[in-house]
Amino acid sequence: MKRILLLFFLLSLSLPVFAEKIRIWDGTSVAAPDVVMTPFLPDRPVGAKPVPAVIVCPGGSYFWLDTEREGRMVAQWLQEQGFAAFLLEYRTGGWFNYTFHTHFLFSGHHYPEMLEDIQRSIQLVRENATAYGVNPDRVGTMGFSAGGHLVMISAELYDVDYLSPVGVECHVSLRPDFVAPIYPVVTFEDREFVHSRSRRGMLGVDAKKDPVLRDLLSAERHVSGTTPPVFLLNCVDDPVVDYRNSVVLDSALTANKVQHSYVQYKIGGHGFGADPEMFSSETGHWQETFLRWFKTLFADED
């Protein structure tokens, strides 16, 4: 019996660590108890070097969240690769509003609430880096579809303070060290290929008509020399978000000399996340491609 218990104990030491969900707004004046961040922490021996962190933002047109393919499965894969992954369930307009067209009665959640959520998550990961075993200088974000838009916009607008207006003081940098938008929504302005559902989800029915907000939240328009390194990926045959969203973002990154990699697949569609059953012959390689790219980022510093 003692041998069995010892074996069980030894096996448990090699298992990945699953932490409790964190209600990121607890202790603040923000009434958003459903906004949670779930850590997926790799097993680390005592005294091991801190690991890089990735905050994962699923897609869902800013109306809902795909917390499985683009959430849990992504976070677990990152965890297996030695990252500390944090699955963020940010605020959205609500699937009920989208399905039953009740947004005229119930507004749901809109800008800037989702940007408040991602800034708060970056703050918490950096402030608690030691407890999580995370290197605070290796905190990045990865998002899919509308989540890709969110991580890209937050990487561009990191110096816009969305926290102090809701009563939260922040003393760490909100600039991610790298960002990975995967088949992202990019433009809110170009009528030819805008993903209007995501724009409506983020801005609401009336706010989408606001030209200032449309410009502010068009990611291709706010790339600068301080934009962090970007891993951008999409498919030409994407039936949901026009592939030209990523093309214009790539052009903006190139024009501003931002360190980045643009991976464009011909076949793969949309929404595959980290689900092997959804991969094409091309998209089945995206994860290893990301890992190779990541290893080049800090090679001179490690």
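No lab work stands behind these numbers, since they all come straight from the coordinates. Keep in mind that what you see is a predicted model, and the values were worked out from it rather than measured. Cβ coordinates were reconstructed from backbone atoms using ideal geometry, including for glycine residues, and neighbour counts include every protein chain displayed.
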Listed residues S154, S280, S61; largest mean-square fluctuation, Gaussian network over the chain with Cα springs below 10 Å, found at S280
Which residues qualify? For T141, with a placed amide H closer than 5 Å and at least 5 residues away or on another chain, they are I55, F178, V179, A180
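Got a sec? How would T38, T227, T130 order by Cβ neighbour count within 10 Å, fewest to most? Please list the in-between numbers first.
Details: T38 19, T227 23, T130 9.
Sorted ascending by nearby Cβ count, the order is T130, T38, T227.
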Rounded to the nearest Å, the spacing of the alpha-carbon centers of region 278-302 and region 222-238 is 14 Å
One would report the antiparallel percent of DSSP beta bridges in the chain, rounded to the nearest 5, as 30 percent
The helix 2-13 Cα axis meets the longest alpha-carbon principal axis of the chain at an angle in degrees, between 0 and 90 and rounded to 10, of 30 degrees
Which of R292, R214, R72 fluctuates most in a GNM of the chain (C-alpha springs under 10 Å)? That residue is R292
Sorted on mean Cβ neighbours within 10 Å (highest first), peptides 252-264, 133-145 come out as 133-145, 252-264
For K257, the lysines lying under 27 Å Cα to Cα, once residues fewer than eight places off in the same chain are dropped, come out as K266, K295
Highest GNM mean-square fluctuation among F279, F188, F83, for the chain with Cα springs under 10 Å, belongs to F279
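Quick one: compute the contact order of region 16-297, relative version, from alpha carbon pairs under 8 angstrom and 6+ residues apart, as a percent.
Values: 595 pairs, mean separation 47.9, N = 282.
The normalised contact order for region 16-297 reaches 17 percent.
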Computed for region 16-297: size of charge dipole around the Cα centre, +1 on C-beta of each Lys and Arg, -1 on C-beta of each Asp and Glu, debye to nearest 20, value 220 debye
